[in-house]
1. Could you run through the range 396-420 and say how many residues are closer than 24 Å to VAL514 by Cα and in contact with a helix residue (DSSP H, G or I) (Cβ under 6 Å, 6 or more places away or on another chain)?
2. Test of understanding: among ALA196, ALA138, ALA208, which residue is at pLDDT below 95, of a type in the set (A, V, I, L, M, F, W, C) and out of contact with any Gly (no Cβ under 7 Å at 6 or more places or on another chain)?
3. Here's a check for you: in the range 274-296, which residue that is under 21 Å from ARG259 (Cα atoms) and in a loop (DSSP other than H, G, I, E, B) is most open to solvent (accessible area, probe 1.4 Å)?
4. Could you tell me which numbered condition ALA89 fails, if it satisfies all but one of (1) farther than 20 Å from ARG162 by Cβ; (2) without any contact (Cβ under 8 Å) to a residue 12 or more places away in the chain; (3) of a type in the set (A, V, I, L, M, F, W, C)?
5. I want to confirm something. Restricting to the range 59-73 and keeping residues that are surrounded by fewer than 16 Cβ atoms within 10 Å (Cβ to Cβ) and in contact (Cβ under 8 Å) with a residue 24 or more places away in the chain, which single residue is farthest from TRP139 (Cα to Cα)?
6. Is it the case that some residue within the range 238-246 is over 16 Å from PHE352 (Cβ atoms), modelled with pLDDT under 95, open to solvent by less than 50 Å² (accessible area, probe 1.4 Å) and among the acidic types (Asp, Glu)?
7. Kindly indicate the residue of the range 329-361 that is assigned to a loop (DSSP other than H, G, I, E, B), in contact with a helix residue (DSSP H, G or I) (Cβ under 6 Å, 6 or more places away or on another chain) and modelled with pLDDT of 95 or more and also nearest to PRO534 (Cα to Cα) among those meeting that condition.
8. Select from the range 576-610 the residues that are assigned to a loop (DSSP other than H, G, I, E, B) and hydroxyl-bearing (Ser, Thr, Tyr) and write down the one among them that is nearest to TRP421 (Cα to Cα).
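The values are calculated or read from the model by the stated rules, or taken from the named source; none is laboratory data. None of these values were measured; they are calculated from a predicted model. We place every Cβ from the backbone using ideal geometry, glycine too, and count neighbours over all the protein chains shown. Note: accessible area is taken over every heavy atom of the protein model, side chains too, but ligands, DNA and RNA are not part of it. Shrake-Rupley method; radii C 1.70, N 1.55, O 1.52, S 1.80 Å.
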Amino acid sequence: MTRRVANGVAIATLAVGLGAGGASAWPAITRYLTNLRGPGSADPADAARNYIAQWATGDYETLWLRLAGPAREQVIREEFVRRHRDFMAELGATAITGAPVSSQKATVSGMNASVAAEITYSTTRFGDLRQRVNLPFAWEDQAWRLEWVPSVLMPDLTAGRRIQVQSDPPVRGSIVDRNGRPMASLPSPASALTVATPTVAPRATPLATATTAEAPTSRVRTRAYPAGETAGPLIGYTAQATTEELVTLAPKGFIAGDRIGRSGLERLAETYLSGARGSRLNVLEPNGQIASTLATTPPRHGGVVTTTIDLNLQTVAEDALGVRSGSVVVVDLPSGAIRALATWPRYDPSAFETGEGVSALLTDTRLPLLNRPVQGLYPAGSIFKVVTMAAALEHGVATPDSEFTCTGTWTGLPGVSQRCWLATGHGTITLANGLTQSCNSVFYELGKRLQEIGAPLLPDIARGAGLGGASGLMGGDEPSGLVPDPAWKRASLSQPWTPGDTVNLAIGQGQLLVTPLQMALVYAMIATGKPVMPTILAATSLPGGNVEQALPSPTPGASRKAWGASILAPMRSALRDVIGTREGTASAIFAGSPLARIVSGKTGTAETQPGKPTHAWFAGYGPPDSVAIVTMVEYGGEGSRVATPIARKVFEAVLT
C-alpha cells in the first residue's frame, strides 16, 4: 500500500505482511518523517556551542560525526582530521575557545540555520587570534548538524584558499665587554655573504672537542667577532639547532636552520641574545598569491648583553700567557665579577661562520675549543695547601706557631717515604712558615693528623670552599671537579681509603681535580673573608641602549662556607710573606716591584702523569678592592718560575 503525509507527498510503498524488505524500510521512513516535522524550538546556537566545545578538545574524528550527511560525503573523516591538524599546526595554535555572538541571533530558514560565532585561537606566534565565522547548520536526524566548509575555520578560506605562516628571522643580539667594546655582533653588510658552514653537534664535553654532524650547508653569515681570537673560547660560537633540540625549541618559534649558541657566552646568554621570530599569517589564493594578511608579529631583536669582561685586561692576560697551554683567571674583589678568562690555544669563532678551518679545530689534539679556566681539570698541587691549613686549624691538630721538622724526607707512615721539594729540608719550621715556604713535610704531617681524627675531615673542608662543585658561572659547560674521599673511592675504585690518600690530598695531589676558576674563588674568599659568587653576565639592554634588566648571579653547584678570622688572619700573613719575604717562594719574581708590598699569593707545582713535566700554578690577590688572580701552565714546570711571572704582569696591569 502507499501512505501519504498531509502535504500529499508519497513517502513509501509499504509491504503489508511480514516481508523483510518492508520491515527494513521503516527506520529510514521514521527519520524522514521526523525531519519533516522540522526543528521546532531547537536552538541552533546550542548546536554551535556544542560543536565548538567538541572542536576545542582536538578530537576531530568525533567532531566529524557532528557534520551533516552531505558534508561527511564531501569531506571524508581522514581528510577532515588532517585539515584541522594541519591548520592548527600552521597557526601554532595551542588552544581554541569560542561561542555564538550573543548580540546576533541565529538565522533559521526552514531546515537550515546560520549562527555567527567568535572563535579565538591561542597561538605561539600571534597571541590570541580572534575570528568571526559563520556556522551553517542543517536539520538532520533530530538535530542541527554542521554543513562544514573551510570558511568555518576562518572566513577568508573560500574558493580553494589556504593559510600560510611566513616567518621573519630575528636579529641576534650583541655581546659587549664591560666598557661596551663588541665581542660578538652583527656582521657588516660587506661581510654578510653566503658561506658554507658545517653543522656542529651539540656541544662538546668539557675535555673533548665537538664533532661535525652534517655536511656543510649554505647560509648568510649572521655573526661577527671583532676581537678575533681574543677571548674566543670564552665567547664561543653558534650553530644550527639539531632535530632533537627543535623538539623543545619549536614552541618558542624556532624552525629548522635557526642558529643557537653552542658554547661559551653565546650559549650562556642564549635566552637574552636570540630574540624571537616574527610571523605573518597570510591567506593564499590557489595559485600561491597572497590574498590577505590576517595577523603580523614583528621580529623581536635580541638584547645587547653586557659582560663583566674587560677586553683590555683580557688581552694583557693572553699576552702574558703567550703560546703556552694554560689559563689566567682574574676575579674582581669583592663582587666576584670575572674580568678576564684567558686560555691558550685559542680560536677565532668566525671559523664557525665561514666554515674555514673548522675541520682542523675539531681534530686539533691541543683542544683549542676548551675554555681551560672553566673547563680544564687538574691536580692543584701546593696552592691547595691553604685548604689543608684551614682544616688543621679548624680541627685543632695544629696552630700557626706549631713547629715541625723537615729533613727533606717525611717518613710519618710505616713503609712510606715522601720527599719535600727542598731536598736538604727546611729544618725546624712553623705551620705558617711552612705555607710561606711550601714545605711538603709540614703538610704531609697535617694530613696524617687529620686522618687520625677523621678521614672525611679534609675533603669536607675542601668541598666547603667550593671544590668538587661547579661554580655555576657558565651553566652546564662547567665540570664539577673531584674531591676524593672514602665514600668516593669505595664506590668508584672498589678500594678502601688509606692514610696515604689523605697525606697525598694534603699537598693537592692524589685524585684531586680542580679548575683554575675554582681555585681563584678559594683565594678570593681568603682575601674577602666571605664566599665570592662569580658573575660574567652583567646586564641586558634593548638595541637602543636602555637598560632592560640587570642579570642575576648564577647558582653555584656547591655551597660555600667562609673560614673564620682565627684561620684567615695567620693564613693571610703567611701568603703575604710568600711574596714579601726572602724565604717566600714567589719573592724573587716580585723583587723590586711595588707589588711586593700589596700582593699575597701561593705558588704551586703539581705532579702529573709519570714521565711528564709538572703543572705550574700561582694563586693570589691584591688589596681588598682589587682582584684575585690564578695563573696555570699545563706541564709548565715549577710554579714559582713559570706561572708567577705571568701573574705579576697581570697584577701590574691592574694595580699600577
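1. 2
2. None of the other options fit; the residue is ALA208.
3. ARG277
4. (1)
5. The residue in question is PRO70.
6. There is at least one residue in the range 238-246 that is over 16 Å from PHE352 (Cβ atoms), modelled with pLDDT under 95, open to solvent by less than 50 Å² (accessible area, probe 1.4 Å) and among the acidic types (Asp, Glu).
7. Going through the qualifying residues, I end up with LEU333.
8. THR585
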